[in-house]
Amino acid sequence: MNFIQLFPFAEPEAGTLDRPAVYGFSGPGVGVIYVSKAGKRFVNELDRRDVCAFAQIALGPNMKPAYTIFNDAIPPKFGGKPAEVEAGIKKGRFIKGDTIADLAKKIGAPADVLEKTIKDHNKYIADGKDPEFNKPMKKTMVPMDKGPYYALPMWPAVHHTMGGLRINTNAQVIDVFGAPIPHLYAAGEVAGGVHGSNRLGCNATTECVVFGRIAGKNGAKEKA
């Protein structure tokens, strides 16, 4: 059961995966950046979830939370809406600053450092290369050259478990010798081994539906 998958953008205290958390997940391709409380980037934002999650953890326990940074130009690029941002501000999930310095003060980051971080990233977008983390710079990315600016507090939380009960193609739970255990079926996250050591996004839904149906059909054939 040691194979877990972390979602890097969860709400820091409760670990919930709410609608604001999607902004951290959906935004890297259009220009969001992740920064620490020190105001600096710490990872290639387009890297895998596990890489982004462990990069946050490596910052240290006193550096919780990290932040997704964006401005008004970015959310429409991935389907975000102004009403969502306003609702997130009221709930305390988004932090708004009219200027970078204003935002930096609200998240406790050095203003000059955060300003340089954003300025540098804007330049990377213009130049088409990221010398810090070798992030592929996409034409879809927009620079954050105008306020207001927003910060989304985030920290990794358990999102999926790849480990669990071993099953066969009939969704039967098998013992240590590979033999089916009578009358015992499993599907979904309780079952292990389907995704190897790192699940690809959205594939768990297919796993649940496919093996859930197989388990249900085979279980229904069992005699009481």
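Helix content alone sets the calculated 222 nm mean residue ellipticity of the chain: runs of n ≥ 4 DSSP H residues at -39500 (n - 2.57) each, divided across all residues, give -9500 deg cm²/dmol.
In whole angstrom, the stretch 1-98 maps to an equivalent ellipsoid with semi-axes of 22, 14, 14, each derived as √(5λ) from the alpha carbon gyration tensor and ordered largest first. Per the Debye formula on identical point scatterers at the alpha carbon atoms of the stretch 73-146, with no solvent, log10 I(q)/I(0) at q = 0.17 Å⁻¹ is -0.81. Each DSSP beta bridge with both residues in the chain is either parallel or antiparallel, and the antiparallel ones are about 90%. When every Cα-Cα distance of the stretch 162-221 is counted in 5 angstrom steps from zero, the calculated P(r) takes the values 4, 21, 30, 24, 14, 6, 1 percent.
Note on the stretch 114-153 and the stretch 25-67: Cα centroid distance 14 Å, given to the nearest whole angstrom. Computed over the alpha carbons of the chain, Rg followed by Dmax gives 21.3, 71 Å. Which part of the stretch 79-93 falls in the paramagnetic zone of Glu13, meaning amide N under 17 Å from the point 7 Å along Cα-to-beta-carbon? Zone members listed by number: 88-93. Think of each Lys and Arg Cβ as +1 and each Asp and Glu Cβ as -1; about the Cα centre, that makes the dipole of the chain roughly 260 debye.
For the chain, the residue among Val22, Ala10, Ala111 whose Cα projects farthest onto the positive side of the dipole built from Cβ charges is Val22.
For the stretch 24-111, averaging the sequence separation of C-alpha pairs within contact (under 8 Å, six or more residues apart) and dividing by the residue count gives a relative contact order of 31 percent. Ranked by how many other Cβ atoms sit within 10 Å of their own Cβ, fewest first, the residues Thr169, Thr99 fall in the order Thr169, Thr99.
For the stretch 4-158, what is the relative contact order in percent, using Cα pairs closer than 8 Å and at least 6 residues apart in sequence? Here the relative contact order equals 38 percent. Taking Cα centre as origin and charging only the Cβ of basic (Lys, Arg, +1) and acidic (Asp, Glu, -1) residues, the dipole magnitude of the stretch 97-162 rounds to 200 debye. The orientation-averaged projection of the convex hull spanning the C-alpha atoms of the stretch 48-176 amounts to 12.1 square nanometres. Here the label points at Asn170 and Leu46, each 7 Å from Cα along the C-beta direction, are separated by 4.7 nm in the simple model.
Read-outs: derived from the displayed coordinates by stated rules, not from any lab. Source: prediction; values computed, not measured. For neighbour counting, all protein chains shown are included, and Cβ atoms are generated from backbone atoms with ideal geometry for every residue, glycine included.
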